[in-house]
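**Student:** Could you have a look at this structure, given as structure tokens, before my questions?
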Amino acid sequence: MVFLVALGLVVDFGSAAYAEYRISRELRAGASLTADPEVTVHGFPFLIQAWEGKYDDIEIRAQGVQSDEVGEVTIESTLQGVSAPLSELVNGTVATVPVDHLSGRMLIDATDLGQFLDIADLQVSAPPASRSDGTGGSGGSGTPTAGGVVLTGTVPVGPLETTVSVQADLVLDGGQVKIVASDFYFGPEGEADFAIPDPLAHAVLGLFTRTIDPRELPFGVQPTEVYAEGSQIVIEGVGDNVTINLDGLQRR
């Protein structure tokens with residue numbers, strides 16, 4: 001009896017691993033990725049999900065995805081309530097997949113964000129305490145994320161190259177993400193230890209201000225949130241009752 005249970009577990013896990021492999025290969029080929037993305041099919045037993053053609057939770061993670069704007073990014077997606085016949089997963093013919101709920105994230109690390117901003121030594125720090133208005137600072141139209149983020153890097157200040165820290169708001173505006181440097185920062189996360197002359201302040205803040213079109217969000221999901229996590233900027237999006245195309249891991 002114990003042997004049969006163990007054999008059943010081996011078959012179940014082996015079947016799940018093969019399905020993960022097939023999904024990974026389809027995603028790599030369809031989205032022209034340079035490496036196989038990580039795919040994890042959650043839920044036990046897998047074979048019951050496969051028999052019904054309905055999977056509770058599938059996680060996808062792809063690193064080193066080439067972005068049109070910000071170099072390489074990491075994209076992550078969680079698919080809940082996935083409908084796909086096992087036969088199509090096995091033979092590689094699955095193309096479009098109905099999904100009850102989809103959440104996706106694009107992670108931009110400090111190095112690639114620095115290349116985007118043309119600040120080679122850019123550092124992204126934990127956000128300072130939220131300001132009294134609860135918005136994390138000003139930043140124009142759109143919806144700012146509470147607390148924003150601290151950006152530090154070497155930039156020209158008049159005739160000098162010097163290290164400056166700024167507090168920036170992360171703003172969603174019309175499907176785009178705005179990084180809006182709203183003030184200089186002299187707190188513990190920053191490195192600037194001098195006052196920027198008023199005539200130069202606007203130009204220096206502008207060096208840390210830019211708009212990102214988050215087209216690399218998984219399966220074309222629209223952004224709903226943006227925030228800092230460690231040394232990365234994270235853009236998230238969600239969708240309900242959508243049909244995804246495995247060729248469209250990235251929206252072009």
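**Student:** Of the residues that sit in the range 200-230 and are closer than 23 Å to Pro37 by Cα and among the charged types (D, E, K, R), which one is farthest from the chain's Cα centre (by Cα)?
**Tutor:** Asp213
**Student:** Could you grab me the full set of residues in the range 23-69 that are at pLDDT below 70 and over 21 Å from Asp100 (Cβ atoms)?
**Tutor:** Ser24, Arg25, Arg28, Ala29, Gly30, Ala31, Ser32, Leu33, Thr34, Ala35
**Student:** Only strands (runs of 3 or more DSSP E) wholly contained in the range 163-252 count here; list those with 1 or more residues that are at pLDDT below 80 and buried (at least 21 other Cβ atoms within 10 Å of the Cβ).
**Tutor:** On the way: elements: 176-184, 210-212, 223-229, 232-245.
Ranges flagged: 232-245.
The values are calculated or read from the model by the stated rules, or taken from the named source; none is laboratory data. In this text the structure is predicted, and so the values were computed from the model without any measurement. FYI the Cβ positions are ideal-geometry reconstructions off the backbone, even for glycines, and counts take in every protein chain you see.
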